[in-house]
Structure formats: structure tokens, C-alpha cells
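Participant: My structure is below; once you've seen it, I'll send some questions.
The values are calculated or read from the model by the stated rules, or taken from the named source; none is laboratory data. Since we're looking at a predicted model, the values are computed, not measured. For neighbour counting, all protein chains shown are included, and Cβ atoms are generated from backbone atoms with ideal geometry for every residue, glycine included. When the accessible area is computed, the model is the full protein with side chains, heavy atoms only, and any ligands, DNA or RNA have been set aside. Shrake-Rupley method; radii C 1.70, N 1.55, O 1.52, S 1.80 Å.
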Amino acid sequence: MKLNTNSNSYIIIYSAILVVIVAFLLAFVYQALKPMQDANVALDVKKQILYSLNIRGLDGAEAEAKYAEVVKEEKEIEGQKVYECVIDGQDILVASLKGMGLWGGISGYVSIDNEGLVYGAYFNHESETAGLGAEIKDSQAWQEKFIGKKIFDEEGNVVLSVVKKVEDPASQVDCVTGATLTSNGVDAMLKDGLKNMKTNVKED
């Protein structure tokens, strides 16, 4: 009996078999690539932490080696990841940060020296506007403005801020031009993400 390739039943069965085959192949490829994808994600996190320590320009193997050298312990403080590091004999604490920008999530890492000052900073985003909000990630010059800024007051409150008009250069950084809402998101992220860090900074 010759199949009627123009019949509805043939088309439905053929389509169903094709969908199953494609789904199987996609699942197989996903599982095969997942270890590599997970490794790339882990490496990217390590690089971001190194960026916050002012260590940049390393390839994958170099970044892995440097991370193993400087990061002495990973732990959590009230559900927030922190990294105890040593740079040139100095104890540095790196705090992971998460917040909301204009169009989506933002994140970052801020490293704190033993005087409670910003040692370095790196910020990232999911979907901010190129040339505007995306500058929190793309502009190394803007990230470097945080270096040396005061993070806490004497009571341990976070005074590090991102503002439209800098009135206290010791603790404030001017916002990204044309990206006020994203800058406000970074400011809120700093306030929330650093509030528990004062008691964990190893002071001289």
C-alpha cells in the first residue's frame, strides 16, 4: 500500500517524528556542552572578581592561576558571597553585589582594603543601553573612580554613593552621564550589598 504523503495523518506523524528527533538532538548537544558552559561561567566570575582587584588583561589559564593565588577563602555572609583575598601581603575583602538597573539586573564586585576604602570595583549588567547605562560595565575609567573612596562612616553606615552632583569627593562618585536610573540602581546596590561588610573587614 502506497503512502499518501499529502494526507493530513502523514503530515502530522512526520512532523511529530521530526520534532522528537530534533528535541533529542538538542537535549544531547545541551548535555554535551553543559560542562564547558559551566566552566566558562565559573571562569567569567573569577575574572570579574580579579577585575575588582584591579587585575585585568589575563587569559583563561592566567586568570585561573591568579585567582588561585590571591583568593584565599570563599564564604557567605547572610546569603551574600564574599571572598577573602591577599594582594601584596594586604588583606582585601571582595563583596558580591546584585541589584536592578533600568532594564534588568545589575551586579558587581567591590573590594575593600583594611582601612575600609574601596580597593577596586567592577560592575556588570544584563540589558542596559549601550553607551549609556552599559557604561557601568564598559567604562573601566568610571569603575576606577571608586578606588580609594570611603565606604563606611564611624557608625558603620555605608556612605559610598553614586550621585548626580558630587559634594563629598571622599565617598561619592558622579553618575554615568545620561544614565541616571542605572546609576541610582548602582547606588542602591552598593548601599544594600555593603551594609554587612564593615565587621568583616580585617583592619590593621
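Participant: Mind telling me which of the residues Ile77, Ile92 ends up being within 18 Å of Thr199 (Cβ to Cβ), of a type in the set (Val, Ile, Thr) and out of contact with any Cys (no Cβ under 7 Å at 6 or more places or on another chain)?
Facilitator: Of the residues listed, the single one that is within 18 Å of Thr199 (Cβ to Cβ), of a type in the set (Val, Ile, Thr) and out of contact with any Cys (no Cβ under 7 Å at 6 or more places or on another chain) is Ile77.
Participant: Looking at (1) crowded, with 16+ Cβ neighbours inside 10 Å; (2) touching a Gly at 6+ places or on another chain (Cβ under 8 Å), which one does Lys98 not meet, given that it meets all the others?
Facilitator: It fails just one condition, (1).
Participant: Kindly establish whether Tyr83 is over 15 Å from Asp192 (Cα atoms), open to solvent by less than 20 Å² (accessible area, probe 1.4 Å) and of a type outside the set (Gly, Ala, Ser).
Facilitator: yes
Participant: Return the total of residues in the stretch 153-176 being at positive phi and modelled with pLDDT of 95 or more.
Facilitator: Number of matching residues: 0.
Participant: If you take the residues of the stretch 52-65 that are small (Gly, Ala, Ser) and open to solvent by 70 Å² or more (accessible area, probe 1.4 Å), which of them is nearest to Asn40 (Cα to Cα)?
Facilitator: Ala61
Participant: Pairs only if they're at least six apart or on different chains, beta carbon under 6 angstrom, first in the stretch 79-90 and more than 17 Å from Val118 (Cβ to Cβ), second open to solvent by less than 30 Å² (accessible area, probe 1.4 Å) and of a type outside the set (Asp, Glu); list them, first residue then second.
Facilitator: From residues that are more than 17 Å from Val118 (Cβ to Cβ), the pairs are Lys81/Ser96.
Participant: Return the residues of the stretch 122-168 that are of a type in the set (Lys, Arg) and either more than 16 Å from the chain's Cα centre (by Cα) or assigned to a loop (DSSP other than H, G, I, E, B) (or both); say none if nothing qualifies.
Facilitator: Lys145, Lys149, Lys150, Lys164, Lys165
Participant: Right, next: Within the stretch 171-192, track down each residue that is closer than 25 Å to Gln80 by Cβ, surrounded by fewer than 18 Cβ atoms within 10 Å (Cβ to Cβ) and of a type in the set (Gly, Ala, Ser).
Facilitator: Hit for the stretch 171-192 is Ala188, nothing else.
Participant: If you don't mind, another one. Look through Ala39, Ala95 and report the one residue that is under 24 Å from Lys137 (Cβ atoms) and part of a strand (DSSP E or B).
Facilitator: Only one candidate qualifies: Ala95.
Participant: Is it the case that some residue within the stretch 126-149 is farther than 20 Å from Lys164 by Cα, free of Cβ contacts under 8 Å to residues at least 24 places away in the same chain and open to solvent by less than 70 Å² (accessible area, probe 1.4 Å)?
Facilitator: No, because not a single residue in the stretch 126-149 is farther than 20 Å from Lys164 by Cα, free of Cβ contacts under 8 Å to residues at least 24 places away in the same chain and open to solvent by less than 70 Å² (accessible area, probe 1.4 Å).
Participant: Residues in the stretch 36-49: is at least one in contact (Cβ under 8 Å) with a residue 60 or more places away in the chain and closer than 29 Å to Gly60 by Cβ?
Facilitator: Yes: the stretch 36-49 contains one or more residues that are in contact (Cβ under 8 Å) with a residue 60 or more places away in the chain and closer than 29 Å to Gly60 by Cβ.
Participant: Among (1) surrounded by fewer than 19 Cβ atoms within 10 Å (Cβ to Cβ); (2) touching a Phe, Trp or Tyr at 6+ places or on another chain (Cβ under 6 Å); (3) among the β-branched types (Val, Ile, Thr), which single condition is Ile49 missing?
Facilitator: (1)
Participant: Scan (1) open to solvent by 10 Å² or more (accessible area, probe 1.4 Å); (2) in contact with a helix residue (DSSP H, G or I) (Cβ under 6 Å, 6 or more places away or on another chain); (3) modelled with pLDDT of 95 or more for the single condition Phe123 breaks and write down its number.
Facilitator: (1)
Participant: Restricting to the stretch 60-78, name every residue that is touching a residue at least 12 places away in the same chain (Cβ under 8 Å) and of a type in the set (Lys, Arg).
Facilitator: Lys66, Lys72
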